[in-house]
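Colleague: Structure below; questions to follow.
The values are calculated or read from the model by the stated rules, or taken from the named source; none is laboratory data. Being a predicted model, the structure only gives us computed values, none of them experimental. Backbone-built Cβ (ideal geometry, glycine too); neighbour counts: all protein chains shown. Accessible surface areas use protein heavy atoms only, side chains included; no ligands, DNA or RNA. Shrake-Rupley method; radii C 1.70, N 1.55, O 1.52, S 1.80 Å.
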Amino acid sequence: MDRLRQRADFLAVANGARVNSAAFVVQSRRRDDGGPVRVGFTVTKKNGTATERNRIRRRLRELVKRLDAVSMRPHSDYVLVGRRAALNRDFATMLDDLRAALHRLDRQAPKPPKAFSIEADTGSRKENASKADFSASRQHNCANRIE
């Protein structure tokens with residue numbers, strides 16, 4: 001089992017399937033190559049000081065070490081995003097949570113990639129809604145002129 005270290009790999013996994021748990025979030029992405037399972041760990045600054053974040057990261061790494069390799073799909077990348085609850089949560093419970101999360105990820109069908117629209121959606125939701133209304137009325141007016 002290898003580690004994810006490149007930012008681009010973390011961003012690619014972030015677009016994949018995800019399962020929430022009390023102590024962490026598991027994100028996964030299937031790869032097309034024949035490489036081994038890769039795992040990455042991340043803990044944001046809102047979870048505490050550097051020592052607390054490092055402790056969360058160490059606990060997550062130990063979870064993956066103790067997990068049987070059969071639970072993870074081959075040719076996949078996983079990212080565990082630590083939460084503050086990982087500091088005080090019972091380790092055995094966290095291990096059960098990780099197994100359950102991986103099982104749920106296996107059952108999830110892969111989502112198709114998001115389609116991008118030609119017009120860029122910039123601004124607030126209200127502005128985007130008004131653009132959509134304007135576009136729809138413009139199409140309606142053009143259809144009336146043709147008839």
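Colleague: Would you say R55 is farther than 20 Å from G35 by Cβ and assigned to a loop (DSSP other than H, G, I, E, B)?
Modeller: In short, no.
Colleague: Could you tell me which numbered condition R55 fails, if it satisfies all but one of (1) within 20 Å of Q6 (Cβ to Cβ); (2) among the charged types (D, E, K, R); (3) in contact with a helix residue (DSSP H, G or I) (Cβ under 7 Å, 6 or more places away or on another chain); (4) open to solvent by 30 Å² or more (accessible area, probe 1.4 Å)?
Modeller: Result: R55 passes all but (1).
Colleague: Let me ask something else. Whether any residue in segment 78-88 is within 20 Å of L11 (Cβ to Cβ) and surrounded by fewer than 18 Cβ atoms within 10 Å (Cβ to Cβ) is what I want to check.
Modeller: no
Colleague: Right, here's the next one. Which of the residues spanning segment 58-77 are closer than 10 Å to L98 by Cα, free of Cβ contacts under 8 Å to residues at least 40 places away in the same chain and not in a loop (DSSP other than H, G, I, E, B)?
Modeller: L60, L63, S71
Colleague: Only one of R57, R83, R89 is more than 21 Å from the chain's Cα centre (by Cα), basic (K, R) and at pLDDT 95 or above. Can you tell me which?
Modeller: R89 is the lone residue from the list that is more than 21 Å from the chain's Cα centre (by Cα), basic (K, R) and at pLDDT 95 or above.
Colleague: Does segment 1-36 hold any residues that are part of a loop (DSSP other than H, G, I, E, B) and crowded, with 18+ Cβ neighbours inside 10 Å, and which are they?
Modeller: Listed by number, the residues that qualify are L4, G16, S21, A23.
Colleague: Suppose we filter S28, S21 for residues that are more than 15 Å from A85 (Cα to Cα) and touching a Leu at 6+ places or on another chain (Cβ under 8 Å); which single one remains?
Modeller: S28
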